[in-house]
1. Name the one entry in A313, A324 that is part of a loop (DSSP other than H, G, I, E, B) and modelled with pLDDT of 90 or more.
2. Determine, yes or no, whether L493 is surrounded by fewer than 18 Cβ atoms within 10 Å (Cβ to Cβ), at pLDDT 85 or above and part of a helix (DSSP H, G or I).
3. Do you know which of the residues in the stretch 348-370 that are in a loop (DSSP other than H, G, I, E, B) and of a type in the set (G, A, S) is farthest from Y425 (Cα to Cα)?
4. Which is closer than 23 Å to K210 by Cα, free of Cβ contacts under 8 Å to residues at least 24 places away in the same chain and among the aliphatic types (A, V, I, L, M), of I412, I384?
5. Of the conditions (1) closer than 22 Å to S585 by Cβ; (2) surrounded by fewer than 20 Cβ atoms within 10 Å (Cβ to Cβ); (3) at pLDDT below 90, S705 satisfies every one except a single condition; which number is it?
6. Note down all Cβ pairs under 9 Å where the first residue falls in the stretch 346-375 and is in contact (Cβ under 8 Å) with a residue 60 or more places away in the chain and in the same structural domain as S419 (by TED's automatic domain parsing), the second is of a type in the set (V, I, T) and surrounded by fewer than 20 Cβ atoms within 10 Å (Cβ to Cβ), and they're at least six residues apart or on different chains.
7. Assess whether S508 counts as being free of Cβ contacts under 8 Å to residues at least 24 places away in the same chain, within 29 Å of L421 (Cβ to Cβ) and surrounded by 19 or more Cβ atoms within 10 Å (Cβ to Cβ).
8. Any chance the stretch 409-425 includes a residue that's in the same structural domain as A600 (by TED's automatic domain parsing), closer than 26 Å to V582 by Cβ, surrounded by 20 or more Cβ atoms within 10 Å (Cβ to Cβ) and out of contact with any Phe, Trp or Tyr (no Cβ under 6 Å at 6 or more places or on another chain)?
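The values are calculated or read from the model by the stated rules, or taken from the named source; none is laboratory data. Only a predicted model underlies this, so the values are computations on that prediction, with no experimental measurement involved. Here the Cβ positions follow ideal geometry from the backbone for every residue, glycine too, while neighbour counts run over all protein chains shown.
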Amino acid sequence: MSRSVLQPSQQKLAEKLTILNDRGVGMLTRLYNIKKACGDPKAKPSYLIDKNLESAVKFIVRKFPAVETRNNNAYTSVSKASLGLADHRELGKMMNTIIFHTKMVDSLVEMLVETSDLSIFCFYSRAFEKMFQQCLELPSQSRYSIAFPLLCTHFMSCTHELCPEERHHIGDRSLSLCNMFLDEMAKQARNLITDICTEQCTLSDQLLPKHCAKTISQAVNKKSKKQTGKKGEPEREKPGVESMRKNRLVVTNLDKLHTALSELCFSINYVPNMVVWEHTFTPREYLTSHLEIRFTKSIVGMTMYNQATQEIAKPSELLTSVRAYMTVLQSIENYVQIDITRVFNNVLLQQTQHLDSHGEPTITSLYTNWYLETLLRQVSNGHIAYFPAMKAFVNLPTENELTFNAEEYSDISEMRSLSELLGPYGMKFLSESLMWHISSQVAELKKLVVENVDVLTQMRTSFDKPDQMAALFKRLSSVDSVLKRMTIIGVILSFRSLAQEALRDVLSYHIPFLVSSIEDFKDHIPRETDMKVAMNVYELSSAAGLPCEIDPALVVALSSQKSENISPEEEYKIACLLMVFVAVSLPTLASNVMSQYSPAIEGHCNNIHCLAKAINQIAAALFTIHKGSIEDRLKEFLALASSSLLKIGQETDKTTTRNRESVYLLLDMIVQESPFLTMDLLESCFPYVLLRNAYHAVYKQSVTSSA
């Protein structure tokens, strides 16, 4: 017959009865031992002899009289008896032993609490803190440092109901000490992690491509047969040598840091939380918050931005250091149960904004300011040129050499690294800053148009009258300023196109399916779609780095320039005359020595090839704002520009036509860049044979000059 299964309540009752039985047996055993000791005259202790106990019995009877009706005065004779424990020390010891053993059986938990209570340290805070610092300084003892904040949970047992005013003071002290201990432990762990990250960043820096030049030169010198009298340079240690050890006992600094970190992290991870005076403390959150703050400062510090000298780290080098830092932080999860991904999200997302949560500048603001105020400003000054063939900005040979190499900050690999660091939000902020500079240039261009509005209005309708156009052109003012400002706009847009292309490459690597969906969505917008809907699609596409027919960021920037004093019709007229002004000013570029086209870079050294992008983007944005026909206005521009350029073909002055063929190529670039113009339209305005001869001439001139 199978035995019936006990219910949980029955099982608990059985356990309690068993414990009670064991305690009863223990008590009976002790009583039996006492009785046995008292029954044997030889084994009976001297303090239990009747003569010695007489005074004690009298004292007990006096304190606890036995009231009986038959003999009420039986014990009145002992009222004056007294018992001095000083005279009966053995009796006191015996009673104390009995009470102690009884408590050990019946009140075991209370006994443990009473004997392990260390709340006395509440009144000796300085000594307590000193002991904590000594424990934290010794790596072998740091794993026990969690005992100090845990002791703060005992402080409330110091309070007494007869002294309630001490409760708040003791509670505040326990909270402050616990907070201080946990904060110091987190700081110590943070400092160890920072030192490890510094070591790892140094090792990662050794793997950068810039350090391979010496290795390559040494290899070449070894293979060369030339014997040099001097001793060769000592061979540079290759990365990875630090991992080779001849003896297991050899301990590196990195080993010591990891050992100390593992000991301290054991302490931090010892308890998930602790309650002090109804306040819950979580040691791991202290470490998380400190890591976030330090990671933020480290990323900004690794940019090595110097405002005085305008020096900054290359994006690729910063990305390498950040990845090494993140690798170390990820390894912390092996020691402490913290969510390091949350740290990455909080810190890196803040770095994509202009300011972080503490109001400090981020890498987004630092790199945006550097590219705008340093690199692009030097382009405007003529020290740097944009090379379309290399898709990078390159330093030009000048008298005053720059302190940085523009190519090392603007080539495709650096721009991709910048996109990895800043992310879509940061690149959007960079684009908005670029567009703000463009909008300020367009505002100045509009002022120049207003100064020449009458002359430009006549030239707009007289492009087929050469003599009248020549006379009107002489009346124009600030022609060079218009071309220079348009070139600056083109340079900024060229830089933005590099940034957008890099962003598209990065996003295509990380989220290829989403990017392809956005691209497909953009490519299939019906022509009859409302412009507001189309602009929303363009804004989505631009955020993913995809090129758009109409730049939404530029439209937003130029829309903010609408003046209340000028009617929309007048604004539209100024936009049309701006395109006329640029078209009739193009022939003056032929007289500039720097306007020569270079086939090697597929552009001009004075960046006038950037005019093609500027003309198309500005026209598309302006006429989208004013709800005009972009295609019609660009056709008008092409007619005016081709008519003006054909006139310089009839000029005999070699000074004004020295780079005529190079300027002719601008028309081809404008059409190639534009989604609204076609080569058939250009052929109707400007004979293609002239373009073909112009390409032949510039390539021939390039070969001659190089030879």
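1. A313
2. Here the answer is no, as L493 does not meet what is asked.
3. G359
4. Details: I412 fails: free of Cβ contacts under 8 Å to residues at least 24 places away in the same chain.
Unique residue meeting the criteria: I384.
5. (1)
6. none
7. No.
8. Scanning the stretch 409-425, I find no residue that is in the same structural domain as A600 (by TED's automatic domain parsing), closer than 26 Å to V582 by Cβ, surrounded by 20 or more Cβ atoms within 10 Å (Cβ to Cβ) and out of contact with any Phe, Trp or Tyr (no Cβ under 6 Å at 6 or more places or on another chain), so the answer is no.
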